[in-house]
Amino acid sequence: MAAYPDESVVHSWLDALYGLNVHVKKMFGCYCVYCDDQPIGWLSSHCFSLRETGLNYIPEGAKRPLPSDSIQEIVIPLDEYRAEWIPKAVQDTADILKQKNLKKKKRQRRL
């Protein structure tokens, strides 16, 4: 069962994402992380889970889901919050999700 991370962990992750339009909301025993109002992942007591969107520059050692997995998230240990690729991955994930949502809305309007 997920649990809320220590406040210092939340602050460390938010500081590492400084400059991005990021906020968190307590939900389901952890924090939902939003970037540009898109839910891009979860911050729990044991990891940050970034939604899988097919980014091709995620480090090889990252735990990526298999296409058949029901949960499509990249699991990132909490102590990796300073990794250089994470802010770009967070912003790119938000951008991809925004585009998917726009396409979905356009399709719904046509129906």
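Some notes on this structure:
- Table column - 3J(HN,Hα) (Hz), region 69-86, Karplus curve with 6.51, -1.76, 1.60, x for Gly and Pro: 5, 6, 9, 9, 9, 8, 8, 10, x, 4, 6, 9, 4, 8, 4, 4, 7, 5
- Three-way shape label, region 1-107, alpha-carbon gyration tensor, a/c 1.5: rounded
- 3J(HN,Hα) along region 35-42, derived from phi through the Karplus expression 6.51 cos²θ - 1.76 cosθ + 1.60 where θ = phi - 60°, amounts to 10, 6, 6, 9, x, 9, x, 10 Hz, with x in place of Gly and Pro.
- Within the accessible area of the chain (1.4 Å probe), percent carbon and sulfur: 53 percent
- C-alpha long axis of helix 7-16 to longest principal axis of the chain, angle in °: 60 degrees
- Solvent-accessible area per residue for the chain (1.4 angstrom probe, square angstrom): 66 Å²
- Simple point charges give the picture: +1 on the Cβ of Lys and Arg, -1 on the Cβ of Asp and Glu, and for the chain a dipole about the Cα centre of about 1080 debye.
- By average C-beta atoms within 10 angstrom, highest first, the peptides 64-72, 82-90: 82-90, 64-72
The values are calculated or read from the model by the stated rules, or taken from the named source; none is laboratory data. Owing to the predicted nature of the structure, the values given are computational and were not obtained by experimental measurement. Note that we place each Cβ from the backbone using ideal geometry, even for glycine, and neighbour counts take in every protein chain shown. The area values use the complete protein model at the heavy-atom level, side chains included, leaving out ligands, DNA and RNA. Shrake-Rupley method; radii C 1.70, N 1.55, O 1.52, S 1.80 Å.
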